[in-house]
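So the structure is just underneath, and the comments pick up after that.
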Amino acid sequence: MKRIAPMLALLLCSLILSGQQAAQQEMMEMTGTICNSKCVSQSGDRSVCDTSCKEKDGDAVFVGEDGKVTKIANPEKVKGMMGKHVKTKCKMNKDTGEMWLDYVSIYG
């Protein structure tokens, strides 16, 4: 009996933590522009991608239609799509603030 209580407590904690991770990893659809982080500029209170920018040193980011910039966790998925308007299915990592792209297609 003394062994069962700690094992149940450990199991309960594991279930709670896995439930929190599952909630953070909810799949969502978004549209926006794939951009080099060095090509993002401000237009009023929104961020926009300068599609004429030729910079190569920055990170791949997603500039949503709402003007929010999010770093892409798997940039190999968007190779060749810089400056393109895309539709994506992704998971947001709330701990790092990055998005994991599951599916990306050129939109519009």
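The values are calculated or read from the model by the stated rules, or taken from the named source; none is laboratory data. Small disclaimer: the values here were computed from a predicted structure and weren't measured. So basically every Cβ, Gly included, is an ideal-geometry build from the backbone, and we count neighbours across all protein chains shown.
Quick notes
- Long-range neighbours under 9 Å by Cβ, at least six apart or interchain, first residue at pLDDT below 95 and of a type in the set (A, V, I, L, M) within the stretch 63-79, second part of a helix (DSSP H, G or I) and crowded, with 17+ Cβ neighbours inside 10 Å: none
- Members of the stretch 12-36 that are modelled with pLDDT of 90 or more, under 14 Å from the mean Cα position of the chain (by Cα) and either surrounded by 12 or more Cβ atoms within 10 Å (Cβ to Cβ) or not in a strand (DSSP E or B) (or both): Met30, Thr31, Gly32, Thr33, Ile34, Cys35
- Subset of the stretch 71-108 [under 11 Å from the mean Cα position of the chain (by Cα) and buried (at least 17 other Cβ atoms within 10 Å of the Cβ)]: Ile72, Ala73, Thr88, Cys90, Met92, Glu98, Met99, Leu101
- Flag for Cys49 being touching a residue at least 12 places away in the same chain (Cβ under 8 Å), more than 18 Å from Tyr103 (Cβ to Cβ) and either touching a strand residue (DSSP E or B) at 6+ places or on another chain (Cβ under 8 Å) or of a type in the set (S, T, N, Q) (or both): yes
- Qualifying residue in the stretch 49-62 (condition: modelled with pLDDT of 95 or more, closer than 22 Å to Glu26 by Cα, surrounded by 16 or more Cβ atoms within 10 Å (Cβ to Cβ) and in contact with a Gly (Cβ under 7 Å, 6 or more places away or on another chain)): yes
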